[in-house]
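S.K.: I have a structure here, written as C-alpha cells, and I will follow up with some questions on it.
Rule-based calculations on the coordinates, nothing more; no lab input. On a predicted model such as this, the values are computed, not experimentally measured, just so you know. Glycine gets a Cβ as well: all are built from the backbone with ideal geometry, and neighbour counts include every protein chain shown.
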Amino acid sequence: MAFSLFAIFASPSFGEIRESSYARFPAGKCLNIEDIDRLDESDIQVLLLDLKNANVVSVRLPFHIDEHKSRDQASGLIDEYYVDSIKDKALAFAKSGVTVVLDAHSINDIYGSEATTETLSSYWIELAKKLRYLPKNVYFELLNEPKSSINLNFYLSSYEKAVREIRKIDNNRVLIVGSPWYSHYKGLSKLKVLNDYNIIYTFHYYDPMEFTHQNASWLPRYRGIKASYGESTDVKRLKEARVEVRKFIQATGRTPFLGEFGVIKYAAASERNEYIRDVSSVFSSLEIQGCLWSWTKEGGAFSIKNGVHLDENIMTNFKTPSVR
C-alpha cells in the first residue's frame with residue numbers, strides 16, 4: 001500500500017510562520033545548475049527564459065576549485081580566469097532578478113593531512129576579494145557537503161574563521177554554512193550557530209539513498225539496484241527528518257535551506273514525482289525552501305529536463321513555502 005505525506009503537510013494548518021530578523025532563503029522554486037563551466041552567454045539566456053516560464057526564482061551554482069587551482073601560487077590559490085568566469089555567470093543570473101548561490105562544491109585541501117583551520121578561509125579570502133562587488137542577491141556557500149571524515153571541531157573552527165575573514169572584506173553578504181556528515185539533517189544539531197544575522201544554515205535530503213541513487217554508476221553499492229518509494233517506512237523517515245529539523249529551528253531561531261534534494265532519473269517517473277512532491281511539501285510546511293538537483297546542459301543522471309526544457313511534471317510536483 002502506498003502512502004503520501006502530501007495530503008498531511010499541504011494543509012495550511014501545518015505552516016509555522018515565524019517572524020525573524022535572521023536571513024532566510026527566499027521562497028520560490030530553486031534549481032541546482034550543474035556544469036556552469038560549460039555554459040556560454042547564449043546558454044544562460046535560454047536557460048533564464050526556461051526558468052522564468054517555470055517560476056524558478058533562485059539557482060545554486062556549484063563551482064569546483066580543485067579543478068581550477070592557480071599554476072602560479074604567487075598570483076593566488078585559484079586561477080583568476082576561472083574566478084572571473086564564475087563572477088560573470090553569477091552576475092548574468094543575478095541581473096535577471098534571480099537569487100544566486102555560489103557553492104564551493106569541492107575544496108578537497110580541507111581534508112588533507114596538511115590542512116589547518118585556516119585552509120578554508122584562505123580560499124574564501126581570495127574569493128571574497130574578487131567577488132565582493134557582486135549584487136547582494138548573490139550568496140556565498142562556503143563548502144558543499146562537509147565529509148564525514150572531517151573532525152567536527154576542526155570543521156566548526158574552519159567555517160567560523162572563514163566567516164570572520166569574509167566579514168573583514170564583505171560585511172553584509174549572505175553566507176551559507178552546511179551541516180556536517182555530508183550536510184545530513186542530523187548534522188544540524190552539531191553546528192555552531194554564529195552571532196551573524198546574515199548566515200543561513202543548510203542541509204541536504206536524499207533519504208533513502210537506495211531509492212534516490214538507485215543504479216548510480218559512481219556509487220558501487222547502488223549499482224544494479226531497482227528501488228521503489230511510497231511505503232509506510234518512507235513516510236516515517238520523512239516525519240522523523242521534519243522533527244529533527246524543527247528542533248533546530250526552535251533551538252536557534254534560524255530557518256535552514258534545503259540546498260539539495262532529488263531523485264535519479266532511473267527511478268519510476270511516478271515515484272520520482274511523488275518523492276519530489278512529498279519532500280518539498282514536508283519541508284515547506286516549516287517554511288524551508290528546497291533546491292532541486294539538478295539541471296544540466298546535456299542531461300545527467302539526475303536531469304530534471306524533458307528534452308531541452310524543464311520537465312513540467314517534476315516542476316508541478318515541486319512545492320514551495322508561502323511567499324515571504
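S.K.: Let me make sure I get this right: for the stretch 281-324, a, b and c are the square roots of the gyration tensor eigenvalues over alpha carbons, sorted descending. Under 1.5 in a/c it's rounded, otherwise prolate if a/b > b/c, else oblate. Which is it? Intermediate results must be reported in sequence, preceding the final value.
M.R.: On the way: a/c = 3.01, a/b = 2.32, b/c = 1.30.
In terms of gyration-tensor shape, prolate.
S.K.: Calculate the spin-label point distance for Asp72 paired with Ile169, positioning each point 7 Å from the Cα along the beta-carbon direction, and give it in nanometres.
M.R.: Inter-label distance under the simple model: 1.9 nm.
S.K.: With bins 10 Å wide starting at 0, give me the P(r) of the chain over every alpha carbon pair, in whole percents.
M.R.: 6, 27, 36, 25, 6, 0, 0
S.K.: A further question on this structure: So, R0 is 30 Å and r is the distance between the beta-carbons of Glu210 and Lys129; what FRET efficiency does that work out to, to 0.05?
M.R.: Values: r = 43 Å, r/R0 = 1.45.
That pair, Glu210 with Lys129, gives E of 0.10.
S.K.: Based only on other Cβ atoms within 10 Å, what is the fewest-to-most ordering of Met209, Met315? The partial results should precede the final answer.
M.R.: Numbers: Met209 14, Met315 20.
If I rank by nearby Cβ atoms, fewest first, I get Met209, Met315.
S.K.: Got a sec? How would Ile288, Ile110, Ile264, Ile225 order by Cβ neighbour count within 10 Å, fewest to most? Numbers along the way, then the final one.
M.R.: Details: Ile288 26, Ile110 23, Ile264 20, Ile225 15.
With the sparsest Cβ surroundings first, the list reads Ile225, Ile264, Ile110, Ile288.
S.K.: While we're looking at this one, here's another question. Which of Arg277, Arg71, Arg132 has the fewest other C-beta atoms within 10 Å, and how do the rest follow up to the most?
M.R.: Numbers: Arg277 20, Arg71 6, Arg132 13.
By the 10 Å Cβ count, ascending, the order reads Arg71, Arg132, Arg277.
S.K.: Can I ask one more? Can you tell me how much longer the chain between Asp84 and Ala251 gets when fully stretched, taken as 0.36 nm per residue apart minus their C-alpha distance, in nm with one decimal? Mind showing how you got there, number by number?
M.R.: Values: separation 167, 0.36 × 167 = 60.12 nm, distance 3.96 nm.
Working it through step by step, the gained length comes to 56.2 nm.
S.K.: Also, I was wondering about something else. With r defined as the distance between the Cβ atoms of Ile225 and Ser113 and R0 fixed at 51 Å, what FRET efficiency is calculated, to the nearest 0.05? Mind dumping the intermediate values first?
M.R.: Details: r = 34 Å, r/R0 = 0.67.
Calculated value: 0.90.
S.K.: Then there's this: What full-extension length gain, to one decimal in nm, is calculated for Tyr197 and Tyr266 as 0.36 nm per residue of separation minus the Cα-Cα distance?
M.R.: Values: separation 69, 0.36 × 69 = 24.84 nm, distance 4.07 nm.
Additional length available on full extension: 20.8 nm.
S.K.: Considering only DSSP beta bridges with both partners in the chain, what is the antiparallel share in %, to the nearest 5?
M.R.: 10 percent
S.K.: Show that you can apply the helix-only estimate: for the chain, add -39,500 (n - 2.57) for every DSSP H stretch of four or more residues, divide by all residues, and state [θ] at 222 nm to the nearest 500. Show your work: numbers first, answer last.
M.R.: Numbers: 10 runs with 115 residues, N = 324.
After summing the helix terms and dividing by the residues of the chain, the value is -11000 deg cm²/dmol.
S.K.: Now, a different point. Find how much the distance from Val308 to Gln45 grows on full extension, using 0.36 nm per residue of separation minus their present alpha carbon separation; answer in nm with one decimal.
M.R.: Taking 0.36 nm per residue and subtracting the Cα distance, the gain is 93.3 nm.
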